[in-house]
Amino acid sequence: MDVVKTIVFVLLGWLLGLLSPRIIESIQRRYRRTDLRKSLFIELEGLRVTLASLLYVIASNDGTVNRELIELVEPIMREDKNFRESKPTAEVLGSLLKLTDEQFAINVAPKKPTGPISLKKISVPFLTSQLSSLYLFSPEFQRTALKICSRLAIINEEIDVAAFNYKKTFDRLPQQDHAIVVTNFIHSYRNIFGLCRPLIDDVNLLLSMKK
């Protein structure tokens, strides 16, 4: 009987020896994932505010601000807890939402594009630096994070195109060519606007994921 007990204890010790590193690794992985998610989510919340601001700036410049857009942008600005500087903008937008449709139409009347906008490229340095650590998360989390990086790269390409065409307006161009260049950078702004909406959806999706 003692021999049997000894064998059982030896086997248990052997199994624990095999399993302990995996258990420890699993615990460490969980804690690391939690820490990464906290930092990543702060950056993503900042990205969402930036995208919402960009949507409003482009629409204001293009004369296409409407109630639907403000209903999208205002909660992002108001509910953000990490970037308090967005609160004054949220208050202004919130006051517009309280207007009747007639009052809203008067305050936000459609107009022609007002000209060039100073746009800066958008970066997510923390997410970019942690791409090799995404394996800690679920496949869906990984796919969504990579999609965000991809969409952001396309937006930055459009920002480059817009900046290039804007600089061309300072060249001595024939009137017809100048008009084409202006049309091109306005078209780039509209492309950026169209890309920001689905990117905000992707960010919202990622922020809703727990792992």
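The values are calculated or read from the model by the stated rules, or taken from the named source; none is laboratory data. Just so it is clear, the structure is predicted and the values come from calculations on it, not from any experiment. Cβ: placed from backbone, ideal geometry, glycine included. Neighbour counts: every protein chain shown.
This table checks each residue for (1) closer than 30 Å to residue 170 by Cβ; (2) modelled with pLDDT under 90; (3) surrounded by fewer than 16 Cβ atoms within 10 Å (Cβ to Cβ).
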site: 84; (1), (2), (3): no, yes, yes
site: 106; (1), (2), (3): no, yes, yes
site: 114; (1), (2), (3): yes, yes, yes
site: 139; (1), (2), (3): no, no, yes
site: 148; (1), (2), (3): no, no, no
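Looking at (1) under 24 Å from residue 196 (Cα atoms); (2) free of Cβ contacts under 8 Å to residues at least 24 places away in the same chain; (3) surrounded by 13 or more Cβ atoms within 10 Å (Cβ to Cβ), can you tell me which one residue 129 breaks? Going through (1) under 24 Å from residue 196 (Cα atoms); (2) free of Cβ contacts under 8 Å to residues at least 24 places away in the same chain; (3) surrounded by 13 or more Cβ atoms within 10 Å (Cβ to Cβ) one by one, residue 129 breaks only (3).
For segment 110-211, list the helices (runs of 4 or more DSSP H) that sit wholly inside it and hold at least 2 residues that are within 13 Å of the chain's Cα centre (by Cα) and within 24 Å of residue 59 (Cβ to Cβ); which are they?
On the way: elements: 125-129, 139-168, 175-208.
In segment 110-211, 139-168, 175-208 are the helices (runs of 4 or more DSSP H) which contain 2 or more residues that are within 13 Å of the chain's Cα centre (by Cα) and within 24 Å of residue 59 (Cβ to Cβ).
Annotation note: Cβ proximity below 6 Å between a residue of segment 171-190 that is over 18 Å from residue 120 (Cα atoms) and a residue that is modelled with pLDDT under 80 (sequence gap 6+ or interchain) occurs for 181/168; 181/169.
Yes or no, residue by residue, for (1) surrounded by 14 or more Cβ atoms within 10 Å (Cβ to Cβ); (2) out of contact with any Ser or Thr (no Cβ under 7 Å at 6 or more places or on another chain); (3) farther than 23 Å from residue 189 by Cβ:
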position: 99; (1), (2), (3): yes, yes, yes
position: 117; (1), (2), (3): yes, yes, no
position: 152; (1), (2), (3): yes, yes, no
position: 160; (1), (2), (3): no, yes, no
position: 171; (1), (2), (3): no, yes, no
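Residues of segment 34-84 being over 13 Å from the mean Cα position of the chain (by Cα), assigned to a helix (DSSP H, G or I) and over 28 Å from residue 99 (Cα atoms), which ones? Across segment 34-84, the qualifying residues are 34, 35, 36, 37, 38, 39.
State yes or no: is residue 121 charged (D, E, K, R) and closer than 28 Å to residue 34 by Cβ? Let's see the steps before the verdict.
On the way: charged (D, E, K, R): yes; closer than 28 Å to residue 34 by Cβ: no.
Considered against the rule, which asks whether it is charged (D, E, K, R) and closer than 28 Å to residue 34 by Cβ, residue 121 comes out as no.
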